[in-house]
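Below you'll find the structure, written out as structure tokens, and then a few comments.
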Amino acid sequence: MIKQTKAPPTQKKRNNFSWAEYGQAPESISHVKIKPRYELFIGGKWVSPDAGKYFDSIHPANGRVLAKVAEAGEKDVDMAVLAAKEAFKTWSQIPGSERARLLYAIARVILERSRELAVIETLDNGKPIRETRDIDIPLAARHFFYYAGWADKLDEAFPGMETSPVGVVAQIIPWNFPLLMAAWKIAPALAAGNTVVLKPAETTSLSVLHLAEIIQEVGVPDGVVNIVTGFGKTGAALVSHAGVNKIAFTGSTEVGKLIRKMTAGSGKKLSLELGGKSPTIVFEDAPLYEAVEGIVDGIFFNQGQVCCAGSRLLLQETIAPKFIRLLKERMRKIRVGDPLDKNIDMGAINSKNQLETIERYVRLGEKEGAVKYQAPFACPKDGFFFLPTLFTEVETSHTIAREEIFGPVLAAMTFRTKEEAIDLANNTFYGLAASVWTKDVAKMIEVARAVKAGTIWGNGANKFDAAAEFGGFKESGFGREGGPQGLWEYVHAEDKGTVPISNSSLLELGTVTNSIWKTPKMLIGGKQVRSESGRYYKVLSHDGKLMADMPLGSRKDIRDAVEAALKAQPAWAKSTAYLRAQILYRTAEILQSRFSELVQMLAAQTGCDLSAAQREVELSLNRILYYAGWTDKYTGNVNPVTQTDFNITYPEPMGVVGLISPETPSLLALVSKIFPAIASGNAVIAVPSEKYPLAAQVLIEVLDASDMPAGAVNIVTGKAGELSPILAEHRAVSGLDFSGDRELAKKIEELSISNMKRIWVHNPADWESSQAQGRSWMRRYLEFKTVWMTALS
Amino acid sequence: MSTLKNNAPENFTKTRRNPVHRLDLDVLRRLQVDATGVYDRVSKITKTRNPKKERQETWLLHAVSMIDLTTLEGIDTPHRVRRLCQKALRPLVDCPEIQVAAVCVYGNFVSEAKRALEGSSVKVAAVSTAFPHGQVPLPLKIQETKALVASGADEIDMVVNRGAFLRGDYSRVYDEIAMIREACGEAHLKVILETGELGEIQNVWTASEIAMQAGADFIKTSTGKIGVSATLPVSLVMLNAIEDFYLRTGYRIGHKPAGGIRQAKESLHWLSLVKETVGDDWLTPDLFRFGASSLLDDIARQIHHLRTGQYESYDYIPKG
């Protein structure tokens, strides 16, 4: 809680100087031609919408109509997708170097026309000209330059993998950075050889349509990029179109969830960049003046309408009063007004609708007991303006501390210790970004690693570059934009090469006879346990003999397993990669000692011949060794960003991951899923083959005998149909890897919106091949984090 | 046409003079600066705080009133100093009401400058303490300062002992400044940090804080005698230091960027920087100065352009 500090006796008195005013510095708009009416851009032609409907696009700073824009209906969307599909045939086949040249040309022309585009963007969006001029437009060009450079070297983007384009990509972008978001989406998609149907937000269509002109003029073939303007309905038609192979969406978490649900079971590739409630943590040893400026950049940039806006301020209590005072002083110097004025910091809110949302939250903030501060100056009356706003005395339970407002509203709280700061920072269902301020490098790195967010700015805020990945953890969505990972979203990538099998003929198979009756158990929290429910099911051999009574896992077993995994995961992730490798190697060693037993058991269960069973066990052992070797090798990049910052993107474990195994191959598939996931520091809850669970039983005993920490691997036996929906709904589970039937897959994809968990549905045809072993399996259970650190003194 | 309204005298009387404070090393340890943030902030200000047309003219006229018109050359002559003083009294031919804040000269020329400026409010500032290097024993620095004050200097521009500062001997740096301050008597003291020799930007704040604790009336960036002189990032750090000091103690310390400021546009950037940090209260010759020589003529050209729409040549501007 931050107490309001009274102005101290030395508080500067406002003097009555009048000479030192900036006056107006209006940007010239005479060079800009906005058409009275904009059509749809389909197949390289400007076409009228089938239903003949148009809507107004207005200038938010004065409400005046700028132009009429076509509203695309289902038929128009259909035409656009067909055009993209047709264009894909050639576009995906031409040499990458040709695509590179075209992307380069787009970048060049954007820069040549940057003043014109900046004005159009400011008129349509309401954001200040200084931002469109210095950030939106140059950064849009930068993305085209960057991905032009990948177009001719796609094979080198992901070593060891073979890539191919995905096909027709539907892209839906928001209104906060219209041209920039279009560039973020179109550039990597085109570089990788995809074709695009893009829908801009209904309030900001114009700059994207001008981009379409540029794309056409530089000679990108017809149909490679199609623009369908319109409202949510248009977007829905696009998302659900059967001809679309991938959807890339940036916008609210609410709509992201709708899209996830609509596309469940469709097999469409999905990347979602959603909302945020990003924290700014200011420690007492922070560079305070720069931190104040970081707040301004973090929450007041683009009127706070930024998905990664630093909307929660966490202040160490020792500096809180001083900091709040400096911040208020700084807020008085923010200039709000005509966005076309070059001396203006904050322009208009994009729409009346959004302005009302912001006003509603601010009223709620006051009602819930937080204390509001706004600089004492008047907001322009025409248009949709809102003053920069600071709330102090905010509690974590307040709505303004939890929900994304998407406006210039900052909620400030205090903390005492570093641990509390991390706790508060992570106390959100979002995970898009965080800003950390301290001059203590060790503390900076520790906090950067502990905060669950896709981007961490060390002593900075809201920095972006095409070479640095951007994207969310948790409900902030999945997929990355920028950098090589941004390209990953637009390719099908397969692990190359063959999986070697060592010769096991040297191993002699003994026979197991008259063994003592075994009681199978599940593995939860490092203990071998029965099902909480006491239920069991019979496991039969291929010839119908009873082999064991298997525990039938229930809701509560999943609950316990997730609890155990949550407890174990942080320490497991923090242990060294070397140690994790040792434990994996040791597990393989112990498993090997059960070789004959496993082979015979697999053969008895499935009826396969001994050599096939032997091969499966052999491959499983190899697979464990394979991932043990990856633990200390799979890592990230140092990004050559345009800023002077030191910038890295590296993978972090996702957290707790659910793994649903197919019926066969019962051992190999289970091993294929568990070991890459734990090699990279996750804790897992695995559901083995329902019909053939005895190999899992051996693995349970082996894991129990190994040095695997309790809770890192949990195995719950039972019915996939019952257990996977429970995992899919569980909000503490970050990812779910599913192999099994399509109906169930659809269901868990729908249920996954409970926390926007990452879902992989896959049924490799050949579990022995590189389809089921490779680098991509390491990647699957990792989340990429980009860390910016200032690097000058 | 814009005119210059000078609020300085009124403001001046409101300002209590900064005394010598006790050296507080704890404060020094708490001050943190991040260079990248400093550069970003400067870049933002220079791109988004640009007065145009009439506003610009007004700003430029005020900038002229804040100049310490400087000549610090081995080849300076009494005549040259007299010429400079005449220019100080009438820096813009078309604006007789405007004067610069001070002339800044070597100690040899204090009396000459004093005579030339007699009866005007233009101050005489003299560089002291073995400017620009400061590499002489302290008693000589004190002696020099006293002599300059005795010969009529209104303001003393001293240099910080960089050797002591860089080897971490902060109390030595502090002691020297405090003693020179004492030697100044009524004359105002500007402490030159020579930021181009201080290394990391963090040191700029540390040195600023020491100087202010030791009783500086102004903190000044540079001697103008080395490769790197006044820069906006360095000034930003010094202005933040000034604000921080003001918020803690209630004393307003002045700031003087010096060396390398040659263009009218740069002077506008500096005024914006002051306005955006310490604020309008500092936009007075009592608290802000430009140490410059050729800046004045570029401002004259710029004002001519603003008033007539024609570009001006140096041939039409009297030499200082």
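Tabulated data for the structure shown
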read-out: Failed condition for A:Thr229, given (1) closer than 25 Å to A:Ser207 by Cβ; (2) in contact with a helix residue (DSSP H, G or I) (Cβ under 8 Å, 6 or more places away or on another chain); (3) surrounded by fewer than 17 Cβ atoms within 10 Å (Cβ to Cβ); value: (3)
read-out: Pick from the stretch A:261-291, criterion surrounded by 24 or more Cβ atoms within 10 Å (Cβ to Cβ) and of a type in the set (Val, Ile, Thr), ranking: nearest to A:Glu131 (Cα to Cα); value: A:Thr280
read-out: Tally of residues being more than 14 Å from A:Lys85 (Cα to Cα) and buried (at least 24 other Cβ atoms within 10 Å of the Cβ) across the stretch A:190-202; value: 5
read-out: Matching entry among A:Ala61, A:Ala51 (being surrounded by fewer than 16 Cβ atoms within 10 Å (Cβ to Cβ), over 28 Å from A:Asn194 (Cα atoms) and touching a Gly at 6+ places or on another chain (Cβ under 7 Å)); value: A:Ala51
read-out: Residue selected from the stretch A:735-767 under the condition touching a residue at least 40 places away in the same chain (Cβ under 8 Å) and in a loop (DSSP other than H, G, I, E, B), by the criterion surrounded by the fewest Cβ atoms within 10 Å (Cβ to Cβ); value: A:Asn763
read-out: Residues within the stretch A:644-659 that are within 14 Å of chain B (Cβ to nearest Cβ), crowded, with 18+ Cβ neighbours inside 10 Å and not in a strand (DSSP E or B), tallied; value: 1
read-out: Count of the stretch B:32-78 residues which are within 10 Å of another protein chain (Cβ to nearest Cβ), in contact (Cβ under 8 Å) with a residue 40 or more places away in the chain, assigned to a loop (DSSP other than H, G, I, E, B) and closer than 25 Å to A:Gly23 by Cβ; value: 3
read-out: Within the stretch A:302-322, tally of residues that are in contact (Cβ under 8 Å) with a residue 60 or more places away in the chain, more than 16 Å from A:Trp175 (Cβ to Cβ) and not in a loop (DSSP other than H, G, I, E, B); value: 7
read-out: Members of the stretch A:503-547 found to be more than 39 Å from the chain's Cα centre (by Cα), among the small types (Gly, Ala, Ser) and either under 30 Å from A:Lys567 (Cα atoms) or modelled with pLDDT under 90 (or both), listed by number; value: A:Ser504, A:Ser505, A:Gly510, A:Ser515, A:Gly534
read-out: Filter result for the condition that a residue is within 23 Å of A:Tyr54 (Cα to Cα), out of contact with any helix residue (DSSP H, G or I) (no Cβ under 8 Å at 6 or more places or on another chain) and not charged (D, E, K, R), over A:Ala170, A:Ala236, A:Ala212; value: A:Ala212
read-out: Tally, over the stretch A:203-223, of residues that are farther than 19 Å from A:Leu82 by Cβ and of a type in the set (D, E, K, R); value: 2
read-out: Flag if B:Pro318 is outside any helix (DSSP H, G or I) and closer than 17 Å to B:Ala101 by Cα; value: no
read-out: Lone qualifier among A:Thr389, A:Thr357 - being in contact with a strand residue (DSSP E or B) (Cβ under 6 Å, 6 or more places away or on another chain) and assigned by TED's automatic domain parsing to the domain that holds A:Asp423; value: A:Thr389
read-out: Residues of the stretch A:704-726 that turn out to be surrounded by fewer than 24 Cβ atoms within 10 Å (Cβ to Cβ), in contact with a helix residue (DSSP H, G or I) (Cβ under 7 Å, 6 or more places away or on another chain) and within 19 Å of A:Ile583 (Cα to Cα), as a count; value: 6
read-out: The stretch A:452-463, residues that are surrounded by fewer than 24 Cβ atoms within 10 Å (Cβ to Cβ) and either within 14 Å of another protein chain (Cβ to nearest Cβ) or out of contact with any helix residue (DSSP H, G or I) (no Cβ under 9 Å at 6 or more places or on another chain) (or both); value: A:Asn462, A:Lys463
read-out: Selection within the stretch A:330-358 - buried (at least 18 other Cβ atoms within 10 Å of the Cβ), closer than 18 Å to B:Gly279 by Cβ and within 12 Å of another protein chain (Cβ to nearest Cβ); value: A:Arg330, A:Asn343, A:Asp345
read-out: Among (1) farther than 30 Å from A:Glu420 by Cα; (2) in a loop (DSSP other than H, G, I, E, B), the one test that A:Gly235 misses; value: (2)
read-out: Selected residue [within 30 Å of A:Glu589 (Cα to Cα), at pLDDT below 95 and outside any helix (DSSP H, G or I)] from A:Ser770, A:Ser689, A:Ser776; value: A:Ser770
read-out: Tabulated pairs, the stretch B:184-201, first away from chain A (no Cβ under 14 Å), second part of a helix (DSSP H, G or I) and among the basic types (Lys, Arg), C-beta under 7 angstrom, 6+ apart or interchain; value: B:Leu189/B:Arg181; B:Glu194/B:Arg162; B:Glu197/B:Arg162
read-out: Qualifying positions in the stretch B:92-109 - within 18 Å of the chain's Cα centre (by Cα) and either without any contact (Cβ under 8 Å) to a residue 40 or more places away in the chain or surrounded by fewer than 24 Cβ atoms within 10 Å (Cβ to Cβ) (or both); value: B:Gln99, B:Val103, B:Val105, B:Tyr106, B:Gly107
read-out: Flag for A:Asp557 being at pLDDT 90 or above, acidic (Asp, Glu), within 23 Å of the chain's Cα centre (by Cα) and not in a strand (DSSP E or B); value: no
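Quick grid of which residues meet (1) at pLDDT below 95; (2) crowded, with 16+ Cβ neighbours inside 10 Å; (3) within 22 Å of the chain's Cα centre (by Cα):
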site: B:Asn11; (1), (2), (3): yes, yes, yes
site: B:Thr58; (1), (2), (3): no, yes, yes
site: B:Asp76; (1), (2), (3): no, yes, yes
site: B:Arg115; (1), (2), (3): no, no, no
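Yes/no matrix, rows are residues, columns are (1) assigned to a loop (DSSP other than H, G, I, E, B); (2) among the aromatic types (Phe, Trp, Tyr); (3) touching a strand residue (DSSP E or B) at 6+ places or on another chain (Cβ under 7 Å); (4) under 28 Å from A:Ile334 (Cα atoms):
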| position | (1), (2), (3), (4) |
| --- | --- |
| A:Ala51 | yes, no, no, no |
| A:Gly63 | yes, no, no, yes |
| A:Met79 | no, no, yes, no |
| A:Ala84 | no, no, yes, no |
| A:Thr90 | no, no, no, no |
| A:Leu123 | no, no, yes, yes |
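The values are calculated or read from the model by the stated rules, or taken from the named source; none is laboratory data. As the structure is a prediction and not an experimental result, all values here were calculated from the model. Cβ atoms come from the backbone with ideal geometry, glycine included; neighbour counts cover every protein chain shown.
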